[in-house]
Amino acid sequence: MDDEFCRERARAVRAVAEQADPFIKRRLLQLARHYERRIRLSEGTKNDEDPDRKAPTEFQN
């Protein structure tokens, strides 16, 4: 999923949450935060240009 999709989905979920009962609203807002967290994580990896940082390839014991 790209950032624009996640932004739009979070926006749509928040709009639906405004009309929902309290329990559903809480769950929808959690879902919106999930999408926003994915955006922050992907932006962090795009901006992370540290050449010394290595991607994990295997679990080390």
Verdict on ALA12 being among the small types (Gly, Ala, Ser), part of a helix (DSSP H, G or I) and out of contact with any Ser or Thr (no Cβ under 7 Å at 6 or more places or on another chain): yes
Which pairs do you get when a residue that is at positive phi, found in region 1-20, comes within reach of a residue that is open to solvent by 90 Å² or more (accessible area, probe 1.4 Å) and hydroxyl-bearing (Ser, Thr, Tyr), reach meaning Cβ atoms under 7 angstrom, with the pair 6+ apart or on two chains? none
Just to verify a result, which residue in region 34-47, among those that are surrounded by 13 or more Cβ atoms within 10 Å (Cβ to Cβ) and either charged (D, E, K, R) or not in a helix (DSSP H, G or I) (or both), is farthest from the chain's Cα centre (by Cα)? GLU36
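The values are calculated or read from the model by the stated rules, or taken from the named source; none is laboratory data. Being a predicted model, the structure only gives us computed values, none of them experimental. Ideal geometry is used to build each Cβ from the backbone, glycine not excepted, and the neighbour counts take in all protein chains shown. Ligands, DNA and RNA are stripped out before the accessible areas are found, and what is left, the full protein with its side chains, is counted by its heavy atoms. Shrake-Rupley method; radii C 1.70, N 1.55, O 1.52, S 1.80 Å.
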